[in-house]
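Below is one structure; the comments refer to it alone.
Every read-out reported here was derived from the displayed coordinates using simple, explicitly stated rules and does not represent laboratory data. Since the model is a prediction, treat every value here as computed from it, not as a measurement. Ideal geometry is used to build each Cβ from the backbone, glycine not excepted, and the neighbour counts take in all protein chains shown.
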Amino acid sequence: MAAHAAPLLIKRYASRRLYNTETSDYVTLEDIATFIRAGREVKIIDLKSGDDLTRQYLLQIIAEHESRGESVLPLDVLTDLVRSYTTSAQSVVPQFLAASFEMLREGQSKMMENMASMPNPMASMPGFDALQRQQQLFLKAMMGGWRGGSGPQPEDEGTAPPSAQAPAASDGPRDMEEIRRQLAELQKRVSKL
């Protein structure tokens, strides 16, 4: 993930079209979701009024994912969120949610660090390095959407043969295809032992 100092500025025109100021082209909500999953901070402003519309569009992205059956938030959590808008708990909920997600990010990062540094008695097994790389790629693919969730890189990636090198974390479904292919190859090797 490339670290960018300033958020990606998206301008909303009167026609409601969204304009990416870095690439000078129009973008969709799905494009914005892709930027965010890749680790970019995004700021969406109304061109005419200058109002910050980021929160509104992020909520719209979440609502679209939820409506397509890609549910992340359980019904009881959504219910509690609605309740928090009408109670005195409103002031506590944002801090609680921010702290919870920060703990999740930290936990994921520590898990990746522990996995990379953990000695394994199977390390002498042929093909173990490739298996360990696959585990790390799998975790990155599963957790890669979380900001700051890339974790440590395998130390010997540059020395692996081209067929075992890790694909870029932003490749999405291609990552999973590569992981499956390499895992099948590794299973064949292990079964021959």
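At most 12 other Cβ atoms within 10 Å and a DSSP loop assignment: could you name the chymotrypsin sites (Phe, Trp or Tyr not before Pro) in the stretch 1-85 that fit?
Within the stretch 1-85, the qualifying chymotrypsin sites (Phe, Trp or Tyr not before Pro) (loop, at most 12 other Cβ atoms within 10 Å) are Y13, Y85.
Modelled spin labels at A14 and F101, positioned 7 Å past Cα toward Cβ, are 3.4 nm from each other. Among D51, D129, the order by Cβ neighbours within 10 angstrom, fewest to most, reads D51, D129. Between K110 and S67, the modelled labels are 3.9 nm apart [label points 7 Å from Cα along Cα→Cβ]. Would you order K43, K110 from fewest to most other beta-carbon atoms within 10 Å of each residue's own beta-carbon? Sorted ascending by nearby Cβ count, the order is K110, K43. Across the options T34, Q56, S67, the greatest Cα extent toward the positive end of the charge dipole of the stretch 1-72 (unit charges at beta carbon of Lys, Arg, Asp, Glu) belongs to Q56. Across the stretch 1-72, C-alpha contacts under 8 Å between residues 6 or more apart give a mean separation that, scaled by the residue count, equals a relative contact order of 28 percent. Does the stretch 1-72 come out rounded, prolate or oblate by the C-alpha gyration tensor, with a ≥ b ≥ c the root eigenvalues, rounded set by a/c under 1.5 and, if not, prolate when a/b is larger than b/c and oblate if not? Here the stretch 1-72 falls in the oblate category.
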